[in-house]
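Report on one structure; see the data block that follows.
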Amino acid sequence: QLSDDQRCQKEATHANGLFCGFHSKQVFALYKGYKRRNALLDTLDNEAPEYLKNAREPLANDNFEAIDDEKTLREVHSHLFDKYVLLGNVIDARKLHHKHFYSLDVDYGHQAYIDKLISQRHIVLKAMQRVEKRTTQVLYQKEKWFAWVREVQEEEEANDEKEQKKV
C-alpha cells in the first residue's frame, strides 16, 4: 500500500502475474503520471526564452553576463524556476513508482535516469542563483545610474534657482 508500506496479500492476477487488480491499476496510473510529467518537461524545454535557446555556453557554466535587460533576466529566472519545480515532480513521481512497485528489480537504467534528473535539477538550481545574482547586479547599476541622474538634475535645479534669484 502506498499509504502504509504494507505488502499486498491478494492474488497477483494482472500485469503478468505481478500485481492484484487494484495495484495493477495503481502502478499504471503512476506510470502514466510520471510519463506525463516527463512530456511536460520536454515541452518546457521547447518553450524556453530566446536567450536560453540561443545560448552558446551550457547552462552549468553560464554567468548570464551577456544579459543587461531586467525583463529578460526575469523571463529566464521564471523559466528556470518552472523547470526546477517540474524536475522535482518528475523525480518524486519516478522514485515513488519505483520504490513501491519495482523495489526488488535491479533496474539500473531507471536509477541512472533518476540520477541524471537529480544532476540536471542541481544545475538548474545553481543557474537560478546565478540569474538572481546577475539581476541584482543589473538593478544595482540602474539604481546607481538613477542616483547620478537625480544628482545632476538637483544641481541643475539649484543653479536655475540661483539664476532666477539673480534675475
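Considering every residue within segment 138-148, establish whether at least one is touching a residue at least 12 places away in the same chain (Cβ under 8 Å), over 29 Å from residue 22 (Cβ atoms), part of a helix (DSSP H, G or I) and of a type outside the set (Lys, Arg). Before you say what the answer is, go through the steps one by one.
Keep residues of segment 138-148 that are touching a residue at least 12 places away in the same chain (Cβ under 8 Å), which gives 138-139, 142.
Restricting the remaining residues to those that are over 29 Å from residue 22 (Cβ atoms) gives 138-139, 142.
Among the residues that remain, those that are also part of a helix (DSSP H, G or I) are: 138-139, 142.
From what's left, of a type outside the set (Lys, Arg): 138-139.
There is at least one residue in segment 138-148 that is touching a residue at least 12 places away in the same chain (Cβ under 8 Å), over 29 Å from residue 22 (Cβ atoms), part of a helix (DSSP H, G or I) and of a type outside the set (Lys, Arg).
Annotation note: Cβ proximity below 8 Å between a residue of segment 46-59 that is under 10 Å from residue 72 (Cα atoms) and a residue that is of a type in the set (Gly, Ala, Ser) and open to solvent by 40 Å² or more (accessible area, probe 1.4 Å) (sequence gap 6+ or interchain) occurs for 51/66.
Please work out which residue is nearest to the chain's Cα centre (by Cα), limiting yourself to segment 30-59 and to residues that are of a type in the set (Gly, Ala, Ser) and surrounded by 13 or more Cβ atoms within 10 Å (Cβ to Cβ).
First, the residues of segment 30-59 that are of a type in the set (Gly, Ala, Ser): 33, 39, 48, 55.
Add one more test, that the residue is surrounded by 13 or more Cβ atoms within 10 Å (Cβ to Cβ), and what stays is 33, 48, 55.
Details: 33: 19, 48: 11, 55: 17 Å.
Among them, the one singled out is 48.
Check segment 68-79 and report whether any residue there is open to solvent by 60 Å² or more (accessible area, probe 1.4 Å), touching a His at 6+ places or on another chain (Cβ under 7 Å) and either modelled with pLDDT under 90 or of a type in the set (A, V, I, L, M) (or both). No: zero hits.
Taking the stated definitions as given, is residue 66 more than 30 Å from residue 29 (Cβ to Cβ) and of a type outside the set (Phe, Trp, Tyr)?
Considered against the rule, which asks whether it is more than 30 Å from residue 29 (Cβ to Cβ) and of a type outside the set (Phe, Trp, Tyr), residue 66 comes out as yes.
From (1) under 21 Å from residue 41 (Cα atoms); (2) open to solvent by less than 60 Å² (accessible area, probe 1.4 Å), pick out the condition that doesn't hold for residue 138. For residue 138, the exception is condition (1).
The values are calculated or read from the model by the stated rules, or taken from the named source; none is laboratory data. Everything numeric here is computed off the predicted structure, so don't read it as measured data. When we count neighbours, we look across all protein chains shown, and the Cβ atoms used for this are built from the backbone with ideal geometry, even at glycine. All accessible areas refer to the heavy atoms of the entire protein, side chains included, with ligands and DNA or RNA removed. Shrake-Rupley method; radii C 1.70, N 1.55, O 1.52, S 1.80 Å.
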